[in-house]
Structures are given as structure tokens and as C-alpha cells.
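One structure below.
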Amino acid sequence: MADLNERDTKVVQYLSEAYGKEKELETSLEAHIAMTTKAPYKKRLQQHLRETKAHARGLERRIKKLGGGGQLTQTAVGKVMAVAKGPLHMVRGSGEQEKMLKNAKTEYFNEHEEIATYLAIETLAEKVGDRETAILAKGIRREEERMAKFLEGQIKSLSGAVVSEEVPSAQRKAASGSRRRAAPKRPAKAKRARKPARASRR
Ligand SMILES: [Fe+2]
Ligand SMILES: [Fe+2]
């Protein structure tokens with residue numbers, strides 16, 4: 001590391017921080033996949049786990065090419081933190097749908113943190129003329145954005161599912177008390193209309 005100039009040192013530092021986060025998220029995604037019973041959602045999480053692993057590999061390649069690599073050991077810290085958080089996620093919420101909703105909210109937060117990270121790396125790299133790093137960061141950011149978009153839909157549908165699972169149908173309407181009475185005749189919907197959760201492709 002001693003022979004890297006300031007520019008490459010800074011780029012390597014940012015790439016290494018992103019790498020640590022990706023490794024942490026691998027563990028987190030694995031824990032969430034194990035808890036997810038909704039098939040299309042689970043499938044998309046598995047797809048993003050593959051993307052996440054590819055992000056880490058891409059970052060590692062770039063770091064090594066720039067002459068860095070010593071910082072990659074900090075990954076261990078992220079891993080340990082994620083492992084520690086894993087069991088915590090298992091006790092989330094009262095019902096199955098709520099557990100998945102809470103995980104989706106965490107994932108949504110994480111994707112946005114990643115989006116910010118890669119936007120910063122891309123901009124930094126452009127400013128110092130490191131085109132290869134900029135292209136890498138931009139490509140990764142696009143995948144994080146697609147995942148965030150998918151999660152937005154999941155958060156909405158899982159919130160609805162929590163209502164179906166935990167609130168009796170008679171209590172679902174007219175919380176303000178003014179619009180109309182709860183319709184007692186309607187049987188509880190077993191399932192919400194399921195949108196085909198399309199695995200976004202490139
Ligand atoms: Fe990622
Ligand atoms: Fe991600």
C-alpha cells in the first residue's frame with residue numbers, strides 16, 4: 001500500500017468500504033432468504049444474493065488491479081456484525097408477514113445505502129479520471145436501484161398481507177369511522193391479488 005499515490009489510495013479506500021458492506025449484506029440476505037416463505041420474493045432475494053456476490057468480486061478485482069488489497073481484511077468486521085444481527089431478525093414481529101415486511105424494510109434501507117455508496121464512488125472516480133472504477137460503480141448502482149424498486153413493491157404488498165393476517169376483516173375499513181360501516185358479509189380475503197413479481201432483468 002505504501003507505493004499507492006493519494007488518488008489510488010482514496011479510490012481503494014472507497015472500494016474497500018463498499019466491499020465490506022457487500023460481504024455483510026451477503027450474510028444478511030442469506031438469513032432473510034431462510035425466513036422468506038413468499039416464493040417470488042424469495043427468488044428475487046436469491047437473485048440479488050448472486051448479484052451481491054458478483055459486486056464483491058468486481059470490487060475485489062478492481063482493488064487488486066489498483067494495487068490495493070490490504071484493506072480487504074476489514075471484511076471480517078462486516079461479516080461478524082452481520083452474523084450478530086442475523087438471530088435478531090429471527091424474532092422480528094408477531095406474524096410471518098410482518099417478519100418479512102421488517103426484513104424488506106431493512107433491505108430497502110441497505111439498497112439505498114449502497115446506491116449512495118456507488119454514486120459517491122462513481123463521482124469520485126470520474127473526478128480523478130479513473131474511468132474503469134466509474135463504470136464498475138455505475139453498473140453496480142443500477143442493480144441496487146432495481147432491487148430497491150422491487151422492494152418498494154414488496155413493502156406495499158407485505159403491508160397489505162400483515163393486515164390480512166392480523167386484523168379481522170370487520171376492522172379493516174373506515175378507521176376514521178365516517179365513510180362506511182365495516183361490511184360484515186364479505187369473507188376475509190384469503191389472498192391478495194398477487195401481482196406477478198417480475199424478476200427484473202437487465
Ligand atoms: Fe451490492
Ligand atoms: Fe444490494
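For the listed residue pairs Lys10/Lys65; Lys23/Lys127; Lys42/Lys156, the alpha carbons are over 22 angstrom apart in Lys23/Lys127. With a Cα-only, solvent-free Debye model of the range 6-170, what are the log10 I(q)/I(0) values at q = 0.08, 0.09 Å⁻¹? Log10 of I(q)/I(0), two decimals: -0.27, -0.34. Measuring max minus min along each principal axis, the C-alpha atoms of the range 1-64 give extents of 50, 14, 12 Å (largest first).
Where a number appears in this text, it was derived from the coordinates with a stated rule and is not lab data. It should be emphasised that the depicted structure is a prediction, and the values quoted were computed from it without experimental measurement.
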